[in-house]
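Remarks on the structure that follows.
What follows is calculated from the coordinates using simple rules that are stated; it is not laboratory data. The structure displayed is predicted, hence computed values, not measured ones. Please note: Cβ atoms are built from the backbone with ideal geometry, for glycine as well, and neighbour counts cover all protein chains shown.
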Amino acid sequence: MENVFSLKGKVALVTGGSRGIGWAITRALAAAGAHVVVNGRDPKALEARVGELAAEGLSASAAAFDVGDEKAVVRVVAETAERHGHLDIAVANAGINHRVALTDFATADFQRVLDVNLNSYFVLAREAARPMIRQKSGRLIVVASMMGPIARPGIAAYVASKGGAAALTKALAVELGEHGITCNAICPGFTRTDMTQIMQDNPQITAWVEGRTPLKRWAEPREVASVAVFLASDAASYITGHSLNVDGGFAINA
């Protein structure tokens with residue numbers, strides 16, 4: 001029987017793909033058969049990650065650039081599609097946070113978070129859509145967050161950016177569907193990554209997360225990554241414009 005979850009022969013680009021959830025997604029897509037172009041800002045870190053995948057017999061290449069550099073995004077997407085003849089999957093994952101009380105939140109910091117967490121997603125989707133429209137197929141995957149539909153104090157820019165990313169997902173889905181392109185968002189809950197390490201190290205926050213989450217634990221990055229494989233595969237061929245919570249039930253637990 002055909003394996004509808006296989007990504008054999010597919011080419012994927014993952015931004016922020018060398019750390020945290022992005023690295024888990026990179027590994028999972030490669031393990032499913034895709035060649036993954038892994039993005040980050042540190043060339044040495046990227047080459048190390050590509051080496052790790054090669055040691056496992058998986059296919060990957062590095063693309064070092066800042067997602068906030070529009071010209072770099074345009075160039076890398078075009079080069080990737082030209083080099084491989086197609087671009088099948090684009091994962092907008094790179095993200096940052098800035099934690100500060102609203103009255104101390106500088107406009108420049110608010111804009112910086114939006115530039116990375118929302119504007120760069122738009123640019124990646126726009127550029128990836130070009131080859132996908134030509135080939136009449138593609139998968140756009142946005143890593144949003146459960147912080148967007150719900151919120152916490154001190155992260156106004158993050159909440160705004162991730163809520164915007166989920167809304168952008170819907171806009172992309174309705175515009176690109178006729179070209180055979182799906183666009184969906186993944187909304188992780190509290191996940192064990194270096195970005196959340198400061199929260200994990202706080203016993204009160206950890207107790208609150210585990211107490212509020214019906215599954216009584218944090219998510220592991222691989223649990224988010226498996227959803228990316230699903231959305232990138234033929235198994236999700238009739239799903240578009242959807243934001244899928246991967247939060248252990250946190251958002252539904254009053």
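Filtered by the rule that a residue be under 13 Å from the mean Cα position of the chain (by Cα) and of a type in the set (Gly, Ala, Ser), the range 1-56 gives ALA12, GLY16, GLY17, SER18, GLY20, GLY22, ALA24, ALA28, GLY40.
Mind checking which residues of the range 15-30 are touching a Gly at 6+ places or on another chain (Cβ under 6 Å) and farther than 12 Å from ARG222 by Cα? Selection gives GLY16, SER18. If you go through the range 165-209 and keep only what is of a type in the set (Gly, Ala, Ser), within 28 Å of LEU102 (Cα to Cα) and touching a Gly at 6+ places or on another chain (Cβ under 8 Å), you end up with ALA165, ALA166, GLY189.
When restricted to residues that are under 18 Å from ARG41 (Cβ atoms) and either in a loop (DSSP other than H, G, I, E, B) or among the basic types (Lys, Arg) (or both), the range 89-138 contains 7.
In summary, GLU175 fulfils each of the numbered conditions (1) in a strand (DSSP E or B); (2) more than 18 Å from ALA12 (Cβ to Cβ); (3) among the charged types (D, E, K, R) with the single exception of condition (1).
Taken across the range 181-193, residues that are over 16 Å from the mean Cα position of the chain (by Cα), surrounded by 14 or more Cβ atoms within 10 Å (Cβ to Cβ) and part of a strand (DSSP E or B) do occur, with at least one present.
Scanning the range 194-252 for residues being part of a helix (DSSP H, G or I), charged (D, E, K, R) and free of Cβ contacts under 8 Å to residues at least 40 places away in the same chain gives a total of 2.
The condition (being surrounded by 17 or more Cβ atoms within 10 Å (Cβ to Cβ) and under 24 Å from GLU223 (Cβ atoms)) is satisfied by just one residue among GLY57, GLY33: GLY33.
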